[in-house]
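First comes the structure, then the notes that go with it.
The values are calculated or read from the model by the stated rules, or taken from the named source; none is laboratory data. Just so it is clear, the structure is predicted and the values come from calculations on it, not from any experiment. All Cβ positions, even for glycine, are placed from backbone atoms using ideal geometry, and neighbour counts span all protein chains on display. Areas reflect the complete protein model, heavy atoms only, side chains present, ligands, DNA and RNA absent. Shrake-Rupley method; radii C 1.70, N 1.55, O 1.52, S 1.80 Å.
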Amino acid sequence: MALSKLSSPSSLSTNILKPLTNSFLLHRPISTDTTPLTIETSVPFTSHQCEAPSRSVETTPKELLSFFRQMATMRRMEIAADSLYKAKLVRGFCHLYDGQEAVAIGMEAGITKKDSIITAYRDHCTFLGRGGTLLEVFSELMGRKDGCSHGKGGSMHFYKKDSGFYGGHGIVGAQIPLGCGLAFAQKYSKDETVTFALYGDGAANQGQLFEALNIAALWDLPAILVCENNHYGMGTAEWRAAKSPSYYKRGDYVPGLKVDGMDALAVKQACKFAKEHALKNGPMILEMDTYRYHGHSMSDPGSTYRTRDEISGVRQERDPIERIRKLILAHDLATEKELKDIEKEVRKEVDDAIAKAKESPMPEPSELFTNVYVKGYGVEVFGADRKEVRGVLP
Amino acid sequence: MVLLLAVNMVTRAGFSLKQLKMWGIIRQKVAAGGGSPVARIRPVVSNLRNYSSAVKQMMVREALNSALDEEMSADPKVFLMGEEVGEYQGAYKISKGLLEKYGPERVLDTPITEAGFTGIGVGAAYYGLKPVVEFMTFNFSMQAIDHIINSAAKSNYMSSGQISVPIVFRGPNGAAAGVGAQHSHCYAAWYASVPGLKVLSPYSSEDARGLLKAAIRDPDPVVFLENELLYGESFPVSAEVLDSSFCLPIGKAKIEREGKDVTITAFSKIVGLSLKAAEILAKEGISAEVINLRSIRPLDRSTINASVRKTNRLVTVEEGFPQHGVGAEICASVIEESFSYLDAPVERIAGADVPMPYAANLERMAVPQVEDIVRAAKRACYRSVPMAAAA
């Protein structure tokens, strides 16, 4: 609210900002200022078989502050998930996304909730970006009732169909044909929406990717394949797995764009561009040059196949949240203290969500037998000892 | 025997059993105590007794085609995709005429990339469309099996009901004739073991129509196992079956032939062989009850068990490999629920435990024959020699 008073066409003055800091921003840290702002991406786009979009991205202070807040939330969420896993409250697999937040956030800014997103197992932040809540994330990770899949999916199987998020898939590469299928259905239904199918540099070599891409190009499906290239497929560096690690070019006859995946604005621009392209001309590949700070999963320290210097180097030079922080400060959209306050708030939100999730009960034993089918015809279903535990599918 | 053939020919020409009885061509005898070798004269295709007097013949191929046509007409979300389903009119002509009628947006010729197009089909089902994905044979479904099981079967459960998958995977399954090891595999047992899938396998044209319609209307992923050798066979269909609203229930087996001495379970082409075996057994005083499973998953355990409780003997017959097969599951089910009713060990007839050979004589040995079913039924009845003639 304080900032909106300053939304005259002329530039914001830091002098006016300071006295108002304490009173308003603690309660309403996100600016509602929608004055357009044009910012250049870190690097120009590199294109394949198409003309790259402009480096100048239109944004607003409100958007930049929301980027900051949302990415800070994602970062904190993933770090908290790490602690929960080490405390054995999260079991099985846990693949963390910290470092890659700009891809999730930038994509959301460039599309609508009517467009569809499908991804692999590194899906916590993508789910949050699509409108999922922290409570749903932590509850699902801990296998509780309030989880987005009511505890039956786990870390790799988050879904939010009502806002176009189709999971959450454990089999590397499978989500790509599924995503092309979503695009097919969107075209069939004449919805004028698109699907973003995300995959990693490891999955980029999968045969089914090329099968699906061929069909998508043949049938002009509004599918955008997004390679989140964090340069490591589990422990294997991209140069050891791919003869050609120019993933944006691998589509051959399908146009591609290489994007700095640590720059949320570049991601936003690329996704907007890709959506327009896909609705008119069929599929496109986006390669997001990004990085994950954690290992592949919680069982991978992430430092046996890459140096700690490399990891800290990226954190210092290219961290997506730091980039936005610098932009906000450089354009005087908020003070350092305001940003730190946002981070404190976010931390509290995450802690509160974890506390609430810990109170959420585990699913009822009867849930073992629900949702096997939509229509069960009263068929019998059996537990481990079929004479002891039987159910009837509704 | 000659009378039976005559009845068979006459009934296939379109006259009902009722009419034949009226004209005194058939006499029904009910045996008292079991002396007469032929208790009842029945035509080979015994489901005539359920039909109204006007009976039409329909090939299984036509039955499937009409089912697809009607369901596509009724619901614009239904579409067909697979190799050669469009311009070629279907590799086995099952989709004949559909491209012309519904256009290339709803009848889609795919490249030879099962993993890709099956995944696309499942993704379309996630969004709410109702795809029918055709595999030229189910042998090729192995290229796409990850999508059938991990992307389709498990999604409703993993998402706790958010993502349902109303898809049908259909195509010929099992052995054809002389197509060799890679083209003759039966997948019933594999798919039927997966929770989240429904697995259906029709025998007659009535089955083909009713079960395919049920599968397309069903909101869950259905694996629909046809049989290439049945496509050209004709069966009588009643007016009820021909109606566009006709549908068979999923999970219910059909008793093709009633009997009281031994139960024979079968599905798909083997039902025909089992009915022939039942005829031969009947002449030797063994009254066999033939169950057409129709639904492999869910398996109609109650019909099977009720039958075994009546006959006390069971022979399971299937075309696929014996180990971990459909018969093994049926046997286990019967032992668990009707053990004290069994008067003999359960007999299993299945495909030979070898990859399908090519040479005609070896192929014949690799697939169940009528004699095998007859022999197994007799073993279950503790008879290894033909009954002596009645005194």
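For segment B:245-270, filtered to residues that are among the charged types (D, E, K, R) and either over 12 Å from the mean Cα position of the chain (by Cα) or open to solvent by 10 Å² or more (accessible area, probe 1.4 Å) (or both), the residue that is nearest to the other protein chains (Cβ to nearest Cβ) is B:LYS252.
Return yes when B:LEU108 is in contact with a Gly (Cβ under 6 Å, 6 or more places away or on another chain), more than 23 Å from A:ILE118 (Cα to Cα) and at pLDDT 95 or above and no when it is not. No: the conditions fail for B:LEU108. Annotation note: of A:PRO44, A:PRO9, the sole residue that is open to solvent by 10 Å² or more (accessible area, probe 1.4 Å), at pLDDT 95 or above and not aliphatic (A, V, I, L, M) is A:PRO44. Among the numbered conditions (1) closer than 30 Å to B:GLY178 by Cβ; (2) among the hydrophobic types (A, V, I, L, M, F, W, C); (3) more than 19 Å from the chain's Cα centre (by Cα), the only one that B:ILE335 does not meet is (1).
Condition check: away from chain A (no Cβ under 14 Å) and in contact (Cβ under 8 Å) with a residue 40 or more places away in the chain. Does B:PHE224 satisfy that? It is true that B:PHE224 is away from chain A (no Cβ under 14 Å) and in contact (Cβ under 8 Å) with a residue 40 or more places away in the chain.
Condition first: in contact (Cβ under 8 Å) with a residue 60 or more places away in the chain and not polar (S, T, N, Q). Now tell me which residues in segment B:242-253 satisfy that.
Answer for segment B:242-253, where residues must be in contact (Cβ under 8 Å) with a residue 60 or more places away in the chain and not polar (S, T, N, Q): just B:LEU242.
Residue-by-condition table, conditions (1) part of a helix (DSSP H, G or I); (2) in contact with a His (Cβ under 8 Å, 6 or more places away or on another chain); (3) closer than 23 Å to A:GLY173 by Cα:
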site	(1), (2), (3)
A:GLU108	yes, no, yes
A:ILE117	no, no, yes
A:LEU135	yes, no, no
A:SER139	yes, no, no
A:ARG144	no, no, no
A:SER149	no, yes, yes
A:GLY154	no, no, yes
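In summary, A:GLU345 fulfils each of the numbered conditions (1) open to solvent by 60 Å² or more (accessible area, probe 1.4 Å); (2) closer than 17 Å to A:ILE79 by Cα; (3) acidic (Asp, Glu) with the single exception of condition (1). Residues satisfying the criterion are present in segment A:359-371 (criterion: within 14 Å of another protein chain (Cβ to nearest Cβ), polar (S, T, N, Q) and surrounded by fewer than 17 Cβ atoms within 10 Å (Cβ to Cβ)). For the condition surrounded by 16 or more Cβ atoms within 10 Å (Cβ to Cβ) and touching a residue at least 60 places away in the same chain (Cβ under 8 Å), A:GLU78 qualifies. Taking A:PHE67 as the residue in question, decide whether it is open to solvent by less than 10 Å² (accessible area, probe 1.4 Å), hydrophobic (A, V, I, L, M, F, W, C) and more than 11 Å from the chain's Cα centre (by Cα). The answer is yes for A:PHE67. Taken residue by residue, segment A:103-126 has at least one member that is of a type in the set (Lys, Arg), open to solvent by 10 Å² or more (accessible area, probe 1.4 Å) and within 24 Å of A:ARG318 (Cβ to Cβ). Given the structure, is A:THR133 surrounded by fewer than 24 Cβ atoms within 10 Å (Cβ to Cβ), at pLDDT 95 or above and away from every other protein chain (no Cβ under 12 Å)? For A:THR133, the condition - surrounded by fewer than 24 Cβ atoms within 10 Å (Cβ to Cβ), at pLDDT 95 or above and away from every other protein chain (no Cβ under 12 Å) - is met.
Among the numbered conditions (1) within 9 Å of chain B (Cβ to nearest Cβ); (2) within 22 Å of the chain's Cα centre (by Cα); (3) of a type outside the set (Lys, Arg), the only one that A:GLU211 does not meet is (2).
Among the numbered conditions (1) facing chain B (nearest Cβ under 9 Å); (2) crowded, with 24+ Cβ neighbours inside 10 Å, the only one that A:PHE138 does not meet is (1).
Failed condition for A:ALA217, given (1) surrounded by fewer than 24 Cβ atoms within 10 Å (Cβ to Cβ); (2) within 12 Å of A:PRO283 (Cα to Cα); (3) within 9 Å of another protein chain (Cβ to nearest Cβ), with all others met? The one condition A:ALA217 does not meet is (3).
Are any of the residues in segment A:32-39 modelled with pLDDT of 95 or more and under 27 Å from A:ARG122 (Cβ atoms)? Within segment A:32-39 (the criterion being modelled with pLDDT of 95 or more and under 27 Å from A:ARG122 (Cβ atoms)), the answer is no, since none of the residues qualifies. Selection of segment A:163-186 for residues being open to solvent by 20 Å² or more (accessible area, probe 1.4 Å), at the interface with chain B (Cβ under 9 Å from one of its Cβ atoms) and in contact (Cβ under 8 Å) with a residue 24 or more places away in the chain yields only A:GLY170.
On inspection, A:ASP260 does not qualify as open to solvent by 50 Å² or more (accessible area, probe 1.4 Å) and more than 14 Å from chain B (Cβ to nearest Cβ).
Only one of the numbered conditions (1) in contact with a helix residue (DSSP H, G or I) (Cβ under 7 Å, 6 or more places away or on another chain); (2) facing another protein chain (nearest Cβ under 9 Å); (3) open to solvent by less than 10 Å² (accessible area, probe 1.4 Å) is not met by A:TYR159, and that is (1). Residues that are among the polar types (S, T, N, Q), in contact with a Gly (Cβ under 9 Å, 6 or more places away or on another chain), modelled with pLDDT of 95 or more and closer than 23 Å to B:TRP190 by Cβ are absent from segment B:78-90.
Any residue that is touching a residue at least 24 places away in the same chain (Cβ under 8 Å), touching a strand residue (DSSP E or B) at 6+ places or on another chain (Cβ under 8 Å) and at positive phi - is there at least one of those in segment A:126-133? Yes: segment A:126-133 contains one or more residues that are touching a residue at least 24 places away in the same chain (Cβ under 8 Å), touching a strand residue (DSSP E or B) at 6+ places or on another chain (Cβ under 8 Å) and at positive phi. Of all residues in segment A:149-203, those satisfying the criterion of being hydrophobic (A, V, I, L, M, F, W, C) and under 17 Å from A:THR133 (Cβ atoms) are A:PHE158, A:PHE165.
What tally of residues in segment B:52-91 results from selecting those that are aromatic (Phe, Trp, Tyr) and open to solvent by 50 Å² or more (accessible area, probe 1.4 Å)? Explain how you work it out, then say what you get.
Taking segment B:52-91 first, the residues aromatic (Phe, Trp, Tyr) are B:79, B:88.
Next cut, open to solvent by 50 Å² or more (accessible area, probe 1.4 Å) only: B:88.
The total comes to 1.
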